[in-house]
Structure formats: C-alpha cells, structure tokens
Amino acid sequence: MRTTRLLLRSGPTLAAAAAIPTWLAGPSAALTGISVSTIGTTVSVVTSACTQSNGSWGNASLLNSGQTAFAQGRQVALAGTTVSQSAAWSGVSPGTYTVVVVCSNGGTAGTQSVIVSGANAAPTTSSTTRSAAPAAPSRGVMGGLGGAARDYGPLTLGIGAALVGSGVIATGWYLRKRSKPYRL
C-alpha cells in the first residue's frame, strides 16, 4: 500500500522529469538536417533545410580524414526544389569521410560522417539534425548500435552486465527495505 502511494505521488514528478530534455531541446529538435547514404563508391546527401538565394541552393563538401575545412573538400552544388535538395559524389575511394552542407545563406544545414566500404558494399543511410552554427567536422563516434565504433568482446560485455545486474538487485533490496514498517 505504501509503495502504491509513493508511486502515485512521484508519477507527476517523473513525467515532468522525462519532459525536460524535450523542452530544453526546443524548436531546434524539429529541424530537418541532412541525410547521407552510400552505395558502393557513390556518396549522396539530401536535405530540405536550404532555401534558394540568387539562383543557388548552396554547396555540399566531402572531406576526407585529413581535411578540416569546408573549402578543402570535394565541393558540389546542391540541386533540387523547395522540397528537397541533393548532391552526389561518385568514384569515392574507401575510407571515412565527413559530408558538410552549407546553404546559400551561409548557414550549415548539417554535418555527417560516413564510411565508404567499396564497390560491393551494401547501402547505408544516416541523418543528422540542423546545427545552430557552422562547425568544423567532428571526428568523434561514428554511430552504429549504441554509438559503438568497435567491438569490446564478451569480457567487457559481461562486466557491464554484472554491473547493471548488481544495480538492479541493490535497488530492489533498498526499495523492499523501505517498504517495511519500522519496528522498534
């Protein structure tokens, strides 16, 4: 009974706590960004974030791992309509690249890292959200299952599972201990 009342009282607080990240994200979370895909040695990018200015939608640049500035990469002009703009690079050699899209108004529509595997690889896709300010390409985590960039093996996974399991057991023990009435 006591646990039920405690959960009923904490329900609105938990709901408010869950809503805070969404509230803090504000309107920027709804922006479109870019979507990057690879098929063999062709890399393509699609966005709907740019508007046409002076007959141009903007440019996209493909940066290899040694390049850090937009101007250093292979630049392609965006083509499309008010609904969707796109660019593509063909004959891209295998490796890790960063795609940066800059609209004609100077704002960055998005930045996304992509791995090109070669001619016989299966297609991959990914997307990002629009950033508030133009930024240098990131060389951080590439994405994947849980953001993992490499496999840590069964020992690391076992240790992680043991830590999570012990946390669940300790939480259950603590809540069980708290639900019993005090005895003198």
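The values are calculated or read from the model by the stated rules, or taken from the named source; none is laboratory data. Not measured: the values here are computed from a predicted model. Using ideal geometry, Cβ is built from the backbone for each residue, glycine included, and neighbour counts are taken over all protein chains shown. When the accessible area is computed, the model is the full protein with side chains, heavy atoms only, and any ligands, DNA or RNA have been set aside. Shrake-Rupley method; radii C 1.70, N 1.55, O 1.52, S 1.80 Å.
Let's see how each residue does on (1) open to solvent by 80 Å² or more (accessible area, probe 1.4 Å); (2) modelled with pLDDT of 70 or more; (3) outside any helix (DSSP H, G or I); (4) in contact with a Ser or Thr (Cβ under 7 Å, 6 or more places away or on another chain):
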{"site": "114", "(1), (2), (3), (4)": "no, yes, yes, yes"}
{"site": "122", "(1), (2), (3), (4)": "no, no, yes, no"}
{"site": "131", "(1), (2), (3), (4)": "no, no, yes, yes"}
{"site": "141", "(1), (2), (3), (4)": "yes, no, yes, no"}
{"site": "150", "(1), (2), (3), (4)": "yes, no, yes, no"}
{"site": "159", "(1), (2), (3), (4)": "yes, yes, no, no"}
{"site": "168", "(1), (2), (3), (4)": "yes, yes, no, no"}
{"site": "175", "(1), (2), (3), (4)": "yes, yes, no, no"}
{"site": "183", "(1), (2), (3), (4)": "yes, no, yes, no"}
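Among the residues that make up the stretch 26-35, is at least one of them modelled with pLDDT under 85, touching a Gly at 6+ places or on another chain (Cβ under 7 Å) and of a type outside the set (Val, Ile, Thr)? Yes.
Within the stretch 88-99, the residues that satisfy the criterion of being open to solvent by 10 Å² or more (accessible area, probe 1.4 Å), outside any loop (DSSP other than H, G, I, E, B) and not hydroxyl-bearing (Ser, Thr, Tyr) are 88, 95.
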